[in-house]
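Presented below is the structure to which this report refers.
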Amino acid sequence: MSHKELGEPVASLGFPRHTLVSLLIFAATWEVLSNLAPFLGIPPFAIPSLVRIAKAIGTITPIDVVVTLARVIAALIVSFIAGLALAMAMYRSDPLEKYLSPIIRLFMAVPVVSWILFAVLWFPGVEFRIGFVLVVVCGPVFMIDTLDAMRSVPRELRHMMRSFRPTTLQFFTKLMMPAIVPTIFTSWKVNISLAIRVVTIAELVGAVTGIGAQLSNAQQLFSVADVFAWTIVLVALLFLLEAIVSRVEHRLLRWRA
Amino acid sequence: MNTRDPGGPPPIEVRGVRKVFRQTTTGQSVVAIDRLDLTIAPREVVAIVGQTGCGKSTFFDLMIGLEAPSEGTLRIGDKSPHADFDYFRGKIATVFQQDRLLPWRSALDNAKLPLELIGLPEEEQRERALTWLNRLGLGSFINAYPHELSGGMRQRVAIARAFSVQPDIMLADEAFGHLDEVTAQELRDTFLALARESGSTAILITHQLEEAIGVGDRIIVFGKSAKLLADIHVAHWDKSQYGVLREAIQATLQANSPDPRLT
């Protein structure tokens with residue numbers, strides 16, 4: 001069997017054989033550690049067995065998954081629209097870029113925990129707090145990526161486009177937007193990962209629904225199996241969203257060699 | 001919608017045009033074009049030759065209206081391509097040195113681009129773009145993306161894109177210089193035939209003398225800062241004298257002053 005064949009996807013599962021093998025090795029190691037824990041001086045609840053984790057996954061409440069997913073998607077859409085609009089305005093106006101860039105950089109330097117605390121201090125509504133934190137963290141990433149992508153559109157293409165005298169709207173819709181689509185997809189993938197992590201922390205503070213809130217409950221009840229179960233769901237959610245974006249990306253960017 | 005003036009393309013009048021750029025690094029002024037006077041009649045096919053850095057590309061940008069003269073006037077009919085920028089939408093088209101096709105668009109969609117910008121109905125866009133792609137021998141490749149086409153085919157798509165709007169003025173900036181000689185000659189001939197047939201005024205900017213002599217009704221020789229060194233009507237030269245003409249233009253460019261054989 002060649003190396004290439006080893007790396008080819010397992011048709012029925014849809015992911016590479018290497019991934020499957022490494023996951024199986026990880027699971028087996030985990031199970032061994034779980035059984036050996038008492039002999040290693042580790043409390044048995046700290047490394048729950050796979051069976052216990054599987055049972056905990058069976059008790060997952062889908063509504064919390066849906067709530068977290070809805071928060072992430074809504075916030076990402078708002079962040080994307082705001083980031084794109086700001087990037088377009090900054091691309092068009094040098095003074096605006098000069099005044100806004102330092103503020104955006106400042107926002108990006110503020111730790112997520114600080115934003116969560118600010119949100120708790122400033123806003124009474126839980127949903128608004130979570131949305132605010134997600135938008136303020138993900139929006140600047142979309143904006144910076146989009147602006148950089150716009151600046152990277154080859155000068156020759158911009159020159160060609162201008163020679164045909166487009167309106168400002170046509171210039172953006174016919175040239176700039178399609179040209180930055182690859183970067184936008186990359187930005188979405190980065191931001192999905194970021195948003196999933198941030199939403200969990202934001203939900204830990206004050207929320208009564210969502211994966212973060214359930215993680216907090218599990219921690220208060222010392223239910224390590226539940227913590228692992230929710231974490232697995234969170235990771236699965238991230239992979240699912242990334243897979244959806246990759247599928248759309250593959251479809252829309254067929255023109256690439 | 002047809003943007004073409006029913007009276008045919010208007011004349012081009014260049015009077016005392018000067019273009020000065022300020023270098024961003026040193027702050028020094030660079031004179032790219034110094035007091036250029038030129039008239040190009042409707043439907044003329046003009047080749048502009050000059051050495052690298054002589055101001056050809058600046059003149060090209062002035063013609064398409066992306067730059068304004070620092071002094072003097074450049075008028076097409078009674079309008080300025082810079083000040084009346086929108087007026088010339090669909091009236092001036094360009095073919096560049098590289099094809100400059102949009103990589104995410106098929107050949108057909110690239111050829112349609114200027115038609116979309118002038119707001120033609122979708123069906124007419126498709127019909128016109130198809131017509132021009134077929135005329136350029138690309139009927140079997142309309143759905144191909146640029147990366148699936150050869151350099152010559154991509155340049156054909158770029159030519160189809162430019163002609164699809166049926167412009168009054170067609171500009172080509174070193175459009176064939178990067179292709180192999182056989183392909184370049186073939187495309188030059190096609191371009192010329194289409195320009196004459198469509199009744200556009202055609203201006204080809206080149207540094208290749210063979211190309212200039214081969215395509216132009218008229219050859220304008222630019223010296224440094226686009227100084228007009230010679231204005232040659234090719235019809236006044238017998239084909240057997242083309243070798244002499246070539247040598248004379250070469251000597252003019254090297255000396256940066258008109259060779260006596262051209263006066």
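Check the stretch A:179-194 and report whether any residue there is under 19 Å from the mean Cα position of the chain (by Cα), assigned to a helix (DSSP H, G or I) and within 30 Å of A:SER34 (Cα to Cα).
There is at least one residue in the stretch A:179-194 that is under 19 Å from the mean Cα position of the chain (by Cα), assigned to a helix (DSSP H, G or I) and within 30 Å of A:SER34 (Cα to Cα).
Please go through the stretch B:85-108 and pick out each residue that is outside any loop (DSSP other than H, G, I, E, B) and either at the interface with another protein chain (Cβ under 7 Å from one of its Cβ atoms) or touching a residue at least 12 places away in the same chain (Cβ under 8 Å) (or both).
B:PHE85, B:ASP86, B:PHE88, B:ILE92, B:ALA93, B:THR94, B:VAL95, B:ALA107, B:LEU108
If we scan the stretch B:249-262, do we find a residue that is within 21 Å of B:GLU44 (Cβ to Cβ) and at pLDDT below 85?
Within the stretch B:249-262, one or more residues are within 21 Å of B:GLU44 (Cβ to Cβ) and at pLDDT below 85.
With the structure loaded, tell me whether B:LEU113 is facing chain A (nearest Cβ under 9 Å), modelled with pLDDT of 95 or more and not in a loop (DSSP other than H, G, I, E, B) or whether it fails that test.
In short, yes.
Restricting to the stretch B:26-66, what's the tally of residues that are assigned to a loop (DSSP other than H, G, I, E, B) and either more than 14 Å from chain A (Cβ to nearest Cβ) or crowded, with 20+ Cβ neighbours inside 10 Å (or both)?
Number of matching residues: 13.
What's the total number of residues in the stretch A:145-170 that are part of a helix (DSSP H, G or I) and within 14 Å of chain B (Cβ to nearest Cβ)?
Selection size over the stretch A:145-170: 13.
Any idea which residue in the stretch B:145-158 is surrounded by the most Cβ atoms within 10 Å (Cβ to Cβ), counting only those that are more than 10 Å from every other protein chain (Cβ to nearest Cβ) and under 18 Å from B:TRP104 (Cβ atoms)?
B:VAL157
Would you pick out the residues in the stretch A:89-146 that are of a type in the set (Gly, Ala, Ser) and either buried (at least 17 other Cβ atoms within 10 Å of the Cβ) or within 13 Å of A:VAL205 (Cα to Cα) (or both)?
A:SER114, A:ALA119, A:GLY125, A:GLY131, A:GLY139
Looking at (1) within 14 Å of another protein chain (Cβ to nearest Cβ); (2) farther than 30 Å from B:PHE60 by Cα; (3) among the hydroxyl-bearing types (Ser, Thr, Tyr), which one does A:THR173 not meet, given that it meets all the others?
(2)
Residue-by-condition table, conditions (1) in contact (Cβ under 8 Å) with a residue 40 or more places away in the chain; (2) assigned to a helix (DSSP H, G or I); (3) within 14 Å of chain B (Cβ to nearest Cβ):
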position	(1), (2), (3)
A:ILE201	yes, yes, no
A:VAL208	yes, no, no
A:SER216	no, yes, no
A:ASP226	yes, yes, no
A:TRP230	yes, yes, no
A:VAL235	no, yes, no
A:GLU242	yes, yes, no
A:SER246	yes, yes, no
A:ARG251	no, yes, yes
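Looking at the structure I just gave you, is A:ILE184 more than 28 Å from B:ARG105 (Cβ to Cβ) and either within 14 Å of another protein chain (Cβ to nearest Cβ) or aliphatic (A, V, I, L, M) (or both)?
When the stated conditions are applied, A:ILE184 does not pass them.
Return the residues of the stretch B:215-263 that are of a type in the set (Val, Ile, Thr) and out of contact with any strand residue (DSSP E or B) (no Cβ under 9 Å at 6 or more places or on another chain); say none if nothing qualifies.
Residue satisfying the conditions is B:VAL244 alone.
Restricting to helices (runs of 4 or more DSSP H) lying wholly in the stretch A:18-135: which have 3 or more residues that are of a type in the set (S, T, N, Q) and either at pLDDT 95 or above or farther than 30 Å from A:VAL181 by Cβ (or both)?
Hits in the stretch A:18-135: none.
Which is within 25 Å of B:ARG18 (Cα to Cα) and in a helix (DSSP H, G or I), of B:LEU253, B:LEU245?
B:LEU253
Take the stretch B:159-194 and flag every residue that is buried (at least 24 other Cβ atoms within 10 Å of the Cβ), among the aliphatic types (A, V, I, L, M) and outside any strand (DSSP E or B).
B:ILE159, B:ALA160, B:ALA162, B:VAL165, B:ALA175, listed by residue number.
What's the number of the condition A:LEU221 fails, among (1) touching a residue at least 12 places away in the same chain (Cβ under 8 Å); (2) away from chain B (no Cβ under 14 Å)?
Checking A:LEU221 against (1) touching a residue at least 12 places away in the same chain (Cβ under 8 Å); (2) away from chain B (no Cβ under 14 Å), the one that fails is (1).
Which one is modelled with the lowest pLDDT among residues in the stretch B:199-212 that are in contact with a strand residue (DSSP E or B) (Cβ under 8 Å, 6 or more places away or on another chain), part of a helix (DSSP H, G or I) and surrounded by fewer than 24 Cβ atoms within 10 Å (Cβ to Cβ)?
Residue satisfying both the conditions and the ranking: B:GLU211.
The values are calculated or read from the model by the stated rules, or taken from the named source; none is laboratory data. Everything quoted here is computed from the prediction, not taken from an experiment. Every residue, glycine as well, gets a Cβ built from its backbone with ideal geometry; the counts of neighbours run over all protein chains shown.
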